Amino acid sequence: MRKAVCPGSFDPVTKGHLDIVSRASKIFDEVTVAVLINKRKASLFTVDERIEMLERETAHLDNVRVESFYGLLVDFCLERDIKAIVKGLRAISDFDYELQMAQMNHRLTEVETLFVSTNPLYSYLSSSLVKEVATYGGDVSGLVPDEVLTQLLEKLAQQNNQS
């Protein structure tokens, strides 16, 4: 069985993320979307909220499952016998960073990293940008799934009410 992982923070999940996951699901028998637990990074959504969003948005993909992980991605891969990491690349700046990660991951465990070029519709898209634009009232509809947009706007409203 050919297994791959699509890792990320997914805070929130965007249509760009979902495009990469969907494309990976057509190539691999099983794709695990791995939600990073990063205790040093302040996230808008909890890990459980991000998992729920991803499970809902990938429910139509029978060979995709969602899990969280902490620590080294290659350890996650070894524990699950996953041989490939699939990463989307938006620009040359992504490549510089991701190449270093891919080479280190290969050195540590020989897990391969496959780079998928992002659909041009999403080449500028990132969760950070979506959050920033939405925070200031910009329209991010069409960049995230509708239910994610609703959750995003509710979460930002809660933050504003607490300030």
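Each value in this text was obtained by applying a stated rule to the coordinates, not by laboratory testing. Keep in mind that what you see is a predicted model, and the values were worked out from it rather than measured. Here the Cβ positions follow ideal geometry from the backbone for every residue, glycine too, while neighbour counts run over all protein chains shown.
So here's what we get for this one:
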{"quantity": "Segment 4-111: GluC sites (Glu not before Pro) in DSSP coil with no more than 15 other Cβ atoms inside 10 Å", "calculated": "110"}
{"quantity": "Between helix 15-27 and the chain: long-axis angle, C-alpha atoms, 0 to 90°, nearest 10", "calculated": "30 degrees"}
{"quantity": "Loop GluC sites (Glu not before Pro), segment 115-163 (other Cβ atoms within 10 Å of the site Cβ: 14 or fewer; DSSP)", "calculated": "none"}
{"quantity": "Cα gyration tensor category, rounded, prolate or oblate, for segment 1-92 with a/c compared to 1.5", "calculated": "rounded"}
{"quantity": "Peptide ranges 120-127, 16-23 listed from the most packed, as the mean C-beta count within 10 angstrom indicates", "calculated": "16-23, 120-127"}
{"quantity": "Between segment 1-66 and segment 106-138, the Cα center-to-center distance that results, in Å", "calculated": "12 Å"}
{"quantity": "For a label point 7 Å along the Cα-to-beta-carbon line of residue 107, residues of segment 59-79 with backbone N under 17 Å", "calculated": "72-75"}
{"quantity": "Of the trypsin sites (Lys or Arg not before Pro) in segment 32-74, those whose Cβ has at most 15 other Cβ within 10 Å and which sit in DSSP loop", "calculated": "39, 40, 41"}
{"quantity": "Antiparallel DSSP beta bridges within segment 1-147, percent to nearest 5", "calculated": "0 percent"}
{"quantity": "Helix 92-109 axis, angle to the chain major axis (alpha carbon atoms, nearest 10°)", "calculated": "40 degrees"}
